[in-house]
1. I'd like the residue in segment 13-32 that is away from the ligand (no atom under 16 Å from the Cβ) and in contact (Cβ under 8 Å) with a residue 40 or more places away in the chain and, out of all such residues, is nearest to I68 (Cα to Cα).
2. Against the definition (in a loop (DSSP other than H, G, I, E, B), in contact with a Leu (Cβ under 6 Å, 6 or more places away or on another chain) and closer than 27 Å to G30 by Cβ), how does M208 come out, yes or no?
3. Tell me which residues, restricted to segment 16-55, are on the phi > 0 side of the Ramachandran plot and either surrounded by 16 or more Cβ atoms within 10 Å (Cβ to Cβ) or hydroxyl-bearing (S, T, Y) (or both).
4. Could you grab me the full set of residues in segment 145-165 that are closer than 21 Å to G21 by Cβ and away from the ligand (no atom under 13 Å from the Cβ)?
5. Scan L207, L168, L142, L177 and give me the residue that is within 16 Å of the ligand (Cβ to nearest atom) and more than 14 Å from the chain's Cα centre (by Cα).
6. Tally up the residues in segment 68-111 that are over 15 Å from A163 (Cβ atoms), in a helix (DSSP H, G or I) and either charged (D, E, K, R) or modelled with pLDDT under 90 (or both), please.
Amino acid sequence: PRPILLTRHGESRDNVRGRIGGDSAISDSGELYAKKLSNFVERRLKNEKAASIWTSTLQRTILTATPIGGFPKVIINAPSALNFIINIQWRALDEINAGVCDGMTYEEIKKNMPEEYESRKKDKLRYRYPRGESYLDVIQRLEPVIIELERQRAPVVVISHQAVLRALYAYFADRPLKEIPHIEMPLHTIIEIQMGVTGVQEKRYKLM
Ligand code: G3H
């Protein structure tokens, strides 16, 4: 069975500052994760002929994928090894759009927009940021990604964002809709999904 590897981007500079949204680069610790992820992928997929690396259009996922791009050179002498990688950037894999709250910290939202903060707390699944998205919106825009993922015959490494990965993971792990916004999706951890005839199997690798 072919694996699907799901991971968040390496820690971003905005993660460090506690800011949501934005399009910041990755921190030093995020850079380290990118290297570890690349080594992991290289080992895990060494017997595959091809693989796809899917990112969002945001810098932090693209930077996390960058070291993986270097790896065909590394394994050029290995006869049966992965010989090509397809990189795709999906807008549908971009983080939930926080609209007017983009770039704020949760404390700032609580202080400056207390009604928004409360409505989100009450119904995180349906709450839509003003001029932004809700979890339900994210789930809906992921449909083409899921269709494409299920069609792939080669392994896929998906490097995306917390809210998006909660939704993707819930689809494969068959978790109820209402749990999606609360699923734990830690940084610097790979969730490997295997779709076999007997159902879906899952493994986790915490790299840092
Ligand atoms: O910036 C967005 C976060 O990654 C999503 O987290 O839905 O728990 O606020 P949250």
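The values are calculated or read from the model by the stated rules, or taken from the named source; none is laboratory data. Note that the structure is a prediction, hence the values are computed from the model and not measured. So basically every Cβ, Gly included, is an ideal-geometry build from the backbone, and we count neighbours across all protein chains shown.
1. Applying the filter and picking the extreme gives L32.
2. Answer is no for this residue.
3. Scanning segment 16-55 gives G21, G22.
4. If the condition is that a residue be closer than 21 Å to G21 by Cβ and away from the ligand (no atom under 13 Å from the Cβ), then V145, V158, I159 are the ones that fit.
5. On inspection, the qualifying residue turns out to be L177.
6. Residues flagged as over 15 Å from A163 (Cβ atoms), in a helix (DSSP H, G or I) and either charged (D, E, K, R) or modelled with pLDDT under 90 (or both) within segment 68-111 amount to 10.
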